[in-house]
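Q: Okay, here's the structure, questions in a sec.
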Amino acid sequence: MNDSRKTAVINTELKRLNIDITALQETRLAADGMLREKDYTFYWQGRPVEEARQHGVGFAVRNSLLPMVIPPSNGSERILTLNLATSTGKANIISAYVPTLHSPQEIKDRFYEELDATISQIPGSEPIFLLGDFNARVESDHGAWPDCLGRFGVGKVNENGQRLLELCSYRKLCVSNTFFMTKPHHQVSWRHPRSGHWHQLDMVITRRAHLGSVLLIRSYHGADCDTDHSLVCSRVRLAPKKINRPVGKSRPRINTARTTNPDLRSKFTKRMEEALKDHAATTIEERWQIIRDTTCRIAMSSLGKRERRNQDWFEA
């Protein structure tokens, strides 16, 4: 029986294309959450549960990279940031879903204010990879925007593209897609349903100073990810660095069935019954939690350090 979950389908496609981290847009999932598939872990941020399931952004991260990432938090249904630890410092990956061309001006203004605030909080020395569906056309006028555009853009600029280029110019960012000469069908990512024209709406934007770390950007039209946009992939020169997170001190593992001392076993059972008499648990989970806590407390208090070391019911 085939697994038809959308995350399972995306998991299969990402593994086939050998992708490490993917920014997702228009996930249409409520609130925030995390789901682990066989090869990738999915993070998402959407609108509150009581609101309509619109927009939504997220990430899919290869499971082997999980020790190197700081999970996203405090995002919105249009902007979410993931931090990746690298050998040269922290890299900031932002998933963005920009309002469409015909959205009200106040919604666009609010979005770009939020995006600008997000970028402004990132130190200038840290690389930024702004990924997503920008619903914008930025054209190929390298002469007008020499610091923001390369010589391989597509189409003509529109209002959303003008807004995006102004932000890029102010924050010293560049649209990396326009700096790579690939085949024409590898430069576009969305086909207009009525005119049939292809456009470059999905982009990879980075700091101009870090453009050298981007090695290639192209579209994959054959990726089956249940969307009318083609998958845009970027090959980036980054060396992930493992984060060693502190692990709290664990409790000793206690197996009372292993003891060969009948007096000790009887004493332990009696004290356990007395301790549990005073606790009223309403659920099975609470009952088991009380038993675990009481077992550890009685065993550790009944025996001295030397005795605990010699008892066969304390497992390593």
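The values are calculated or read from the model by the stated rules, or taken from the named source; none is laboratory data. Because the structure is a prediction, the values reported are computed rather than measured. Neighbour counts are summed over all protein chains in view; Cβ atoms, including those assigned to glycine, are modelled from backbone coordinates with ideal geometry. The area values use the complete protein model at the heavy-atom level, side chains included, leaving out ligands, DNA and RNA. Shrake-Rupley method; radii C 1.70, N 1.55, O 1.52, S 1.80 Å.
Q: Take each of the peptides 199-205, 216-222, average the number of other beta-carbon atoms within 10 Å over its residues, and list them starting from the highest.
A: Listed from highest to lowest mean packing, they are 199-205, 216-222.
Q: A further question follows. Starting from the alpha-carbon convex hull of segment 35-80, give the projected area averaged over all orientations, in nm².
A: Projected over every direction and averaged, the Cα hull of segment 35-80 covers 3.5 nm².
Q: Given points 7 Å out from each Cα along the Cα-Cβ axis, report the residue 208 to residue 169 separation in nanometres with one decimal.
A: 1.1 nm
Q: With all protein chains present, calculate the accessible area of residue 50 using a 1.4 Å probe and round the result to the nearest 10 Å².
A: Accessible area, nearest 10 Å²: 150 Å².
Q: Using +1 on the beta carbon of Lys and Arg, -1 on that of Asp and Glu, and nothing else charged, what's the dipole of segment 16-128 about the Cα centre, debye to 20?
A: 420 debye
Q: Exceeding 26 Å between C-alpha atoms, which entries from my cross-link table qualify? They are 38/108; 38/242; 38/241; 6/108; 6/156.
A: Beyond 26 Å: 38/108; 6/108; 6/156.
Q: Here's a follow-up. If you keep only loop residues by DSSP, which trypsin sites (Lys or Arg not before Pro) in segment 1-91 have at most 14 other Cβ atoms within 10 Å of their Cβ?
A: 5, 28, 38, 53
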